[in-house]
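Scroll down for the structure; my scribbles are underneath it.
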Amino acid sequence: DTAHIADNQVTLAKMAGIARGKLIYGDASGDPAALAVGSADNVLTHDGTDLAWAAAGGGGKIGQSLFVSSTTEVTGDTSGYVETGMTQAITPVATSSKVLVFGSLAVRLHSGGTDKSFDCRLQRDSTWIVTDDAPYFIQRYYAQSSDVVEEMQHVFMWVDSPSSTSAVTYKVWINGDNGGNWEVNKDGSRLSTMTTQEILA
């Protein structure tokens, strides 16, 4: 009986064998039991009562984060879309990754009358992925009276699925609307920024 076994005298060699990868734990009856082998890449979890195997958490992690900023002045009117200088190339590590693009433009809007505004677009390589028809990406600012100059930080954000492991380049463009003239980074004393992040699947 246990009274005749000195402490620390039962070696591993004297214990009954168990299958490779199994663990010994206390079961619901308080007896030793062998936990079944988990699957590949499983992790050991505990629910506060028992041990169990579970799939390793994954996805939603930031694979890489790139940042660009500019104080270079860019000007325009309603004659067409102009690059704002917010340009960033990123090379995803997997085709399943998503790319989060966000930032802000320092915009100065000149109004020669009421209801002047500007629109922005987001481009991936040569493809327009967000246009001025997407109000959840683009907010338009309207001057409420004539001869008004409005300054603002125009915030933008978009999640894209490039489905590529080749380098892709994101660009933000801007154009005036209803006769509105605009400036980005007026006199080089304002700052615009853009961050591009790869979100792993």
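A few comments on the model shown:
- Stokes-Einstein diffusion coefficient of the chain, Kirkwood radius over Cα pairs, 4 °C, 1.567 mPa s, in µm²/s: 60 µm²/s
- The range 1-62: radius of gyration over Cα atoms, expressed as a fraction of 2.2 N^0.38 Å: 1.57
- Net charge of Cβ neighbours under 14 Å - reference Lys186; Lys, Arg +1; Asp, Glu -1: -3
- Here is the tail figure for the range 34-97: Cα pairs spaced more than 15 Å apart come to 73 percent of all pairs.
- With the whole protein complex present, Glu83 retains an accessible surface near 70 Å², based on a 1.4 Å probe.
- Shape of the range 3-114, Cα gyration tensor, a/c cut at 1.5: prolate
- By the rule of a C-alpha distance below 27 Å, with chain neighbours fewer than 8 residues away ignored, the lysines paired with Lys22 are Lys14.
- Averaging Cα coordinates gives a centre for the range 84-103 and one for the range 1-25; these two points are 56 Å apart.
- Value of relative contact order over the chain, rounded to a whole percent, pairs C-alpha under 8 Å and six or more apart: 32 percent
- Reachable lysines, given that their alpha-carbon falls under 19 Å from the alpha-carbon of Lys171 and they are not under 8 places away in the same chain: Lys98
- Residue with peak Gaussian network fluctuation, the chain [Cα springs, cutoff 10 Å], from Asn42, Asn185, Asn175: Asn42
- Atom-type composition of the exposed protein surface of the chain places 50 percent of the accessible area on carbon and sulfur (1.4 angstrom probe).
- Where trypsin sites (Lys or Arg not before Pro) in DSSP loops with at most 12 other Cβ within 10 Å are excluded, longest remaining stretch of the chain: 62-201
The values are calculated or read from the model by the stated rules, or taken from the named source; none is laboratory data. Because the structure is a prediction, the values reported are computed rather than measured. Here the Cβ is made from the backbone with ideal geometry for all residues, glycine too, and neighbour counts use every protein chain on show. What goes into the accessible areas is simple: the full protein's heavy atoms, side chains included, and nothing from ligands, DNA or RNA. Shrake-Rupley method; radii C 1.70, N 1.55, O 1.52, S 1.80 Å.
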